[in-house]
Amino acid sequence: MSSQTQTQGTNETREVLLSAAEASRLKHEESGKVGMYEGGMAAMATAIPSSMAFFYVYKNNPKFLSRTNVSSRTALFVTPPLFAFFLASELGVIGMADKKLAEKETTVKTVMWAENVTDSLEKAAKATGNDVDTSKEKKTDLGRRRTQISELYKMSVGRNLRIIPDPAQRGSSSAGTVGYSLPLRHQMANFIADNPFKVLVGVGMPVVGYVFTSQASKKHLQFQQMIMHTRVIGQFTVVVFLLSLMGFKDYMDRNGRFITEYEAASEVTAIEMTREKLRERLKKRKTPMALAEGKISTIEENKNFIGEDGRPLTVQEIMESREKYIHIVGHSE
């Protein structure tokens, strides 16, 4: 019996380690994809103006050619996009980690909030005398509690996000199809709310360049006047655009991002899975915590603690387990 239990425990440990390794691998793959995407976009955005400036100086400045060699020119050409790639990649990975941590904290808070609301409703029902102690009613109450918590999760998801229904599933109770994606206007709204400064740079630089080009076409203006006009007009345009972006971001933060019905259902499922994991973790911690705190002292109080051979543990065995647990905890600390 003990060998079977040991083998089962070894298999469970192996499964846990394998699942943890798989989760770690997927996490690294996701981080790599985010880093490559962010770095590639930043490198492209930097390479275009830097390469144009490099070739302009290369073609029109003889001093640049006389004072540089092939290696220094190559370094000047390659360094700006490489620097942008590594910087944006690192910031993207850090931002993704912070986002995952914030989502995890939000999920845990949602679980606690739903449990507290459900407990309050149950206490109110008991206070009115609607509680029945039959086993059948208890099972019904358990199912009703799970349904109620699920509805609270949906309320929480809908409060923080704006759900866009699938046109193909309109009028039905389905959660939407997997392949359905948000309309382009909603995707653009989410992108602007998540990346306001990227949008500002992406729109502001071409606008300033256009202003300078239009001023340069006026032959009666001196170069200093062109620069001054470009600075005044460009600065005013960029500031107005920045204020508009910040107002739009504040609107999106207050009203929530857009997601599909399928994504909302996935959010609810993830919250429910987190709740079950928390419950399992609490169950596993309950026994050793009780042993370590010395709360178990009689056979009657410990009749639910079962040994490997299937019989209830005696007080002496429980106290030995408690001392063993304290010894392990003391060494681990």
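Here are the numbers for this structure:
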{"quantity": "Simple spin-label estimate for Tyr37 and Arg257 in nanometres, 7 Å along Cα-Cβ", "calculated": "1.0 nm"}
{"quantity": "R0 of 25 Å, Cβ-Cβ distance Met246-Met205: FRET efficiency to nearest 0.05", "calculated": "0.85"}
{"quantity": "Gyration tensor (alpha-carbon) shape descriptor, the range 40-101, a/c threshold 1.5", "calculated": "prolate"}
{"quantity": "Label-point separation, Phe83 to Gln222 (7 Å along Cα→Cβ), nm", "calculated": "3.3 nm"}
{"quantity": "Out-of-range pairs (alpha-carbon distance over 29 Å; input Lys59/Lys198; Lys33/Lys104; Lys59/Lys218)", "calculated": "Lys59/Lys198"}
{"quantity": "Order of Ser217, Ser31 under a 10 Å beta carbon neighbour criterion, fewest first", "calculated": "Ser217, Ser31"}
{"quantity": "Residues Ser120 and Asn195, FRET efficiency given R0 of 56 Å [Cβ-Cβ distance, rounded to 0.05]", "calculated": "0.90"}
{"quantity": "Long-range amide H partners of Arg257 with built H, under 5 Å", "calculated": "Arg162"}
{"quantity": "Sites Arg73 and Glu105, calculated FRET efficiency, Cβ-Cβ separation with R0 41 Å, nearest 0.05", "calculated": "0.25"}
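Where a number appears in this text, it was derived from the coordinates with a stated rule and is not lab data. Predicted, not measured: the structure shown is a model, and the values here were computed from it. Heads up, the Cβs are rebuilt from the backbone with ideal geometry, glycines too, and the neighbour counts pull from every protein chain shown.
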